[in-house]
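A.B. asks: Structure in structure tokens, see below.
The values are calculated or read from the model by the stated rules, or taken from the named source; none is laboratory data. All figures in this text were calculated on a predicted structure; none of them were measured in a lab. Note: ideal-geometry Cβ built from the backbone for every residue, glycine included; neighbour counts use all protein chains shown.
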Ligand SMILES: C[S@@+](CC[C@H](N)C(=O)[O-])C[C@H]1O[C@@H](n2cnc3c(N)ncnc32)[C@H](O)[C@@H]1O
């Protein structure tokens, strides 16, 4: 993709706004010199919606963690299994918070394989991820992308796309895969707000980076993310019940993502190599 600089919009136009501080990025401006987790993850998955700074950051990650590709692939594989789990329970609508760049294997791919009528609303605040998702979804029925910060639940829940596609009187699959570790604040109130919007039978799927089994290596990973646009916050598996409060966590509980209802070919001899735990709860 052509590389673009801060101050230039995604449509290629220069910023001519005199009404705001030109040093402050607007919602759809990108500073390509600063790596961003969405695009680092895209590069790790083999996507091409990333810039030199993102690729450089991923190569630094590979130096401290040669399993970095396994980390991102295992997480994406968990997300697909969680979507299928929801569909098997009759959940046909999804709100995917922190949905990322639409590399193959995203939520609507997994959902539409099983149910072409499944509805999916993606939410991401990263302009490149949002722009490419919008383009990709042009021909995809029952899908939409909202470029919003998930920390603003009212903006997400009251968006016209959400109202058009999701019926909150019916169960919804709320997907928060590999995103909460980019939200450093106390997330209790945030999660409670989304939980209140969901009806009985809804699911919450979370996957999350942890440093609990490989603390030294993950300190080095943390240092690399400190130079990106969003620093990382690790949370241990033991915090899963707190994050998933109000939902009954299904078997096998909070486990490394490669262990969560995986097929034999997806499981790893040392699951801690994924550095990401996963859990799914159902609202009673
Ligand atoms: C590592 S990617 C995960 C993508 C996808 N959920 C998956 O698991 O394959 C994390 C995504 O969360 C997005 N993100 C981070 N903080 C966010 C926020 N506050 N609001 C919305 N999206 C956010 C990033 O832009 C990025 O695209």
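A.B. asks: Considering only segment 164-193, state which residues are part of a helix (DSSP H, G or I), more than 12 Å from the ligand (Cβ to nearest atom) and free of Cβ contacts under 8 Å to residues at least 60 places away in the same chain.
C.D. replies: 164, 188, 189, 191, 192, 193
A.B. asks: Could you count how many residues in segment 85-98 are surrounded by fewer than 24 Cβ atoms within 10 Å (Cβ to Cβ), out of contact with any helix residue (DSSP H, G or I) (no Cβ under 6 Å at 6 or more places or on another chain) and in a helix (DSSP H, G or I)?
C.D. replies: Matching residues across segment 85-98 total 2.
A.B. asks: Do you know which of the residues in segment 29-56 that are exposed (fewer than 14 other Cβ atoms within 10 Å of the Cβ) and within 16 Å of the ligand (Cβ to nearest atom) is modelled with the lowest pLDDT?
C.D. replies: Top of the filtered list is 48.
A.B. asks: Further question on the same structure: Say whether the condition of being assigned to a loop (DSSP other than H, G, I, E, B) and either under 19 Å from residue 283 (Cα atoms) or free of Cβ contacts under 8 Å to residues at least 12 places away in the same chain (or both) is met by at least one residue in segment 222-245.
C.D. replies: yes
Quick grid of which residues meet (1) within 16 Å of the ligand (Cβ to nearest atom); (2) within 21 Å of residue 68 (Cα to Cα); (3) under 19 Å from the mean Cα position of the chain (by Cα):
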| position | (1), (2), (3) |
| --- | --- |
| 213 | no, yes, no |
| 221 | yes, yes, yes |
| 235 | yes, yes, yes |
| 239 | no, no, yes |
| 249 | no, no, no |
| 258 | yes, yes, yes |
| 272 | no, yes, no |
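A.B. asks: Out of everything in segment 114-123 that is within 16 Å of the ligand (Cβ to nearest atom) and either part of a helix (DSSP H, G or I) or free of Cβ contacts under 8 Å to residues at least 40 places away in the same chain (or both), what residue ends up being nearest to residue 87 (Cα to Cα)?
C.D. replies: Step by step, filter segment 114-123, then rank; the result is 122.
Conditions (1) under 15 Å from the mean Cα position of the chain (by Cα); (2) free of Cβ contacts under 8 Å to residues at least 24 places away in the same chain; (3) part of a helix (DSSP H, G or I), marked per residue:
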position	(1), (2), (3)
43	yes, yes, yes
48	no, no, no
60	no, no, yes
66	no, yes, no
100	yes, no, no
103	yes, no, no
130	yes, no, yes
133	yes, no, yes
138	no, yes, yes
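A.B. asks: I would also like to ask the following. Answer yes or no as to whether residue 221 is farther than 27 Å from residue 152 by Cβ and buried (at least 20 other Cβ atoms within 10 Å of the Cβ).
C.D. replies: yes
A.B. asks: May I ask you to verify whether residue 141 is out of contact with any helix residue (DSSP H, G or I) (no Cβ under 6 Å at 6 or more places or on another chain), modelled with pLDDT of 95 or more and exposed (fewer than 13 other Cβ atoms within 10 Å of the Cβ)?
C.D. replies: Answer is no for this residue.
A.B. asks: Same structure, new question: Quick one: is residue 124 more than 26 Å from residue 30 (Cα to Cα) and either touching a helix residue (DSSP H, G or I) at 6+ places or on another chain (Cβ under 9 Å) or surrounded by fewer than 24 Cβ atoms within 10 Å (Cβ to Cβ) (or both)?
C.D. replies: Against the criterion (more than 26 Å from residue 30 (Cα to Cα) and either touching a helix residue (DSSP H, G or I) at 6+ places or on another chain (Cβ under 9 Å) or surrounded by fewer than 24 Cβ atoms within 10 Å (Cβ to Cβ) (or both)), residue 124 does not qualify.
A.B. asks: Moving on to the next point. Are any residues in segment 194-206 in a loop (DSSP other than H, G, I, E, B) and crowded, with 23+ Cβ neighbours inside 10 Å, and if so, which ones?
C.D. replies: Scanning segment 194-206 gives a single hit, 202.
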